[in-house]
Amino acid sequence: MGRSVNPKSGAGDGVKFQAIVVGGGIVGLSAAWHLIRSGLRRVLVLERYILASGATGLGTGSVHTQRWHAIDSALILRSKRVMRELSERSGGAFRLYPVGRLTLAGERDEPIVRNYAAQLRSAGVDAVELSPREVAERFPGVNVSDVAVALHTGDDGIVYPPALLWTLAGFFRNDGGTIWEGCEVRRIAVEHRVARGIELANGDTIESDRVIVAAGIWTRQILRASGFDLVLKHSVAHTAVVTVGRADLWLQVPSLLDGTQGLIAIPRNPGTIMASNAAGEYEASKETAQAVLKARSVEVQRADAAFFEKKAVQQRHILRQLRHRYRDHDVRGVVGHWAGLLDGTPDSHPYVGPFPKVEAFWVGCCLTGYGVQRGPGVGEALAQLALERPLSVDMDAYRLDRFDPAFDFQIDMSGDNPFEGFREPREWPAMVTDRE
Ligand SMILES: Cc1cc2nc3c(=O)[nH]c(=O)nc-3n(C[C@H](O)[C@H](O)[C@H](O)COP(=O)(O)OP(=O)(O)OC[C@H]3O[C@@H](n4cnc5c(N)ncnc54)[C@H](O)[C@@H]3O)c2cc1C
């Protein structure tokens, strides 16, 4: 490859890095921090905008071990360990608020929930079933009239994703790591099937012994520009910001998966709940994909008229659903909303591992709507792979060569959630106006 250039100084100073990480999101920063704390000295993170400008900055922040695949539970438990360490080392500047995760189910789904609880326990998760009466005792003000059983994981909670990212970035810098923002990577420089570094959008090249791409939904773009490909699609995730009058109760609002109504409701700050429902996640058109890939995630709003239709429907129903569930919490109204793109695979599992048949090159992406809670563990695994160290969590189910690159697929939004009640109904109930 050509001479190594420091794009900040514009000088060809020949600096060769021991590792380059492409992407300043949770996966990239976690990988970078784990590389440097494992003993590498020259590790560079390249971010095309600013840190957390991708999905991580938009994440709601629910961190919960209630996943349908045991392997994911192991990864989330690992991520929580990393978060606990960051919290302790930062003196609490970053925190996981232990509000717990609560899944509510009606009669029809009771057997699924009980079976799922047993699976989670066998994966090492401290999951308990609660009766409606126990839910009402633990979470005063929660309406349990339509609840047959609940699943509770009390150690789960919520984080503020940008705080998690900036804490990681702080430790990474303190340990000697380098972050360059505003540096867009065009492609991976590969010679004789060995990654030698990267080429920036301005044509400069930077040499490195190892390259990790953790660029979220943009990963495919970088791979294609480098002559490779991965089966990867994106969907839109849309969240409403709802104000709640009883700010004093905010830590008593669990991270909620309401399977009877098809609602996710997560406390974010005192007096606010971030909420989403089945209308909030959908596979967007190709035009949206292209517009978003060229722009920042939030600009999806400009790209797709369907987004606005979905938004209006979603918000009306969210309010009704929240008022039904939290009768005593004084749910006031939707004050804002945002959307972002999620990257996904045909089986909803991420990609984590070496790029097939290319040396010194690893990829971590496609964490769907569960990347804040899995990202710290994925980053750690990428670092362990790149340093040929033993893995803390087996990554075999996430390997990159598990699909034919020509395979097309629909994103199955219900894949993470087997409750029928959570699937988008064929017809939405009649609309209600705010504050009927
Ligand atoms: C609305 C919403 C709510 C969510 N809620 C939750 C939740 O409650 N819990 C949960 O666990 N997860 C949640 N998620 C999912 C989670 O946010 C993502 O899975 C996770 O942040 C993905 O992290 P990442 O590092 O893979 O990607 P990103 O955070 O997208 O990082 C990729 C980075 O790469 C950069 N980049 C791209 N191309 C280039 C290039 N060519 N050169 C250099 N840099 C580049 C981007 O700018 C970006 O900063 C939510 C997501 C959204 C959108």
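For this structure, a couple of remarks:
- Residue check for residue 173: modelled with pLDDT of 95 or more, of a type in the set (D, E, K, R) and away from the ligand (no atom under 11 Å from the Cβ): yes
Yes or no, residue by residue, for (1) closer than 16 Å to residue 55 by Cα; (2) not acidic (Asp, Glu); (3) not assigned by TED's automatic domain parsing to the domain that holds residue 35:
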{"position": "337", "(1), (2), (3)": "yes, yes, yes"}
{"position": "354", "(1), (2), (3)": "no, yes, no"}
{"position": "359", "(1), (2), (3)": "no, no, no"}
{"position": "370", "(1), (2), (3)": "yes, yes, no"}
{"position": "373", "(1), (2), (3)": "yes, yes, no"}
{"position": "382", "(1), (2), (3)": "no, yes, no"}
{"position": "397", "(1), (2), (3)": "no, yes, no"}
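- So residue 359, is it acidic (Asp, Glu) and surrounded by 24 or more Cβ atoms within 10 Å (Cβ to Cβ): no
- In region 38-67, residue surrounded by the fewest Cβ atoms within 10 Å (Cβ to Cβ) [restricted to those that are charged (D, E, K, R) and near the ligand (Cβ under 9 Å from one of its atoms)]: 48
- Screening residue 197 with (1) part of a helix (DSSP H, G or I); (2) surrounded by 22 or more Cβ atoms within 10 Å (Cβ to Cβ); (3) not aliphatic (A, V, I, L, M) gives one miss only, at (1).
- Residue satisfying all of: in region 222-254; within 16 Å of the ligand (Cβ to nearest atom), β-branched (Val, Ile, Thr) and under 19 Å from residue 333 (Cα atoms); modelled with the highest pLDDT among these: 242
- Looking only at residues in region 16-30 that are more than 9 Å from the ligand (Cβ to nearest atom) and crowded, with 24+ Cβ neighbours inside 10 Å, the one that is farthest from residue 195 (Cα to Cα) is 21.
- Selected residue [crowded, with 19+ Cβ neighbours inside 10 Å and either touching a Pro at 6+ places or on another chain (Cβ under 6 Å) or at pLDDT 80 or above (or both)] from 280, 344, 336: 344
- Taking the criterion of being within 16 Å of the ligand (Cβ to nearest atom) and aliphatic (A, V, I, L, M), the residues of region 343-384 that qualify are 352, 363, 367, 372, 378, 381, 382, 383.
- Test: residue in region 141-152 that is more than 16 Å from the ligand (Cβ to nearest atom) and surrounded by fewer than 16 Cβ atoms within 10 Å (Cβ to Cβ): yes
- Check on residue 35, in the same structural domain as residue 389 (by TED's automatic domain parsing), within 14 Å of the ligand (Cβ to nearest atom) and modelled with pLDDT of 95 or more: no
- Test: residue in region 203-211 that is assigned to a strand (DSSP E or B), closer than 14 Å to residue 48 by Cα and either within 14 Å of the ligand (Cβ to nearest atom) or touching a residue at least 40 places away in the same chain (Cβ under 8 Å) (or both): no
- Helices (runs of 4 or more DSSP H) fully within region 21-134 counting 2 or more residues that are in contact with a Phe, Trp or Tyr (Cβ under 8 Å, 6 or more places away or on another chain): 26-37, 70-89, 110-122
- Unique residue being more than 29 Å from residue 44 (Cβ to Cβ) and within 16 Å of the ligand (Cβ to nearest atom) when the list is 317, 337: 337
- Any hit, region 87-106, residues being over 19 Å from residue 377 (Cβ atoms), exposed (fewer than 15 other Cβ atoms within 10 Å of the Cβ), hydrophobic (A, V, I, L, M, F, W, C) and free of Cβ contacts under 8 Å to residues at least 12 places away in the same chain: no
Condition check ((1) touching a His at 6+ places or on another chain (Cβ under 9 Å); (2) of a type in the set (Ser, Thr, Tyr)) across all residues:
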site	(1), (2)
84	no, no
92	no, no
156	yes, no
160	no, yes
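The values are calculated or read from the model by the stated rules, or taken from the named source; none is laboratory data. Only a predicted model underlies this, so the values are computations on that prediction, with no experimental measurement involved. Methodologically, a virtual Cβ is constructed for each residue, glycine included, from the backbone with ideal geometry; neighbour enumeration extends over all protein chains shown.
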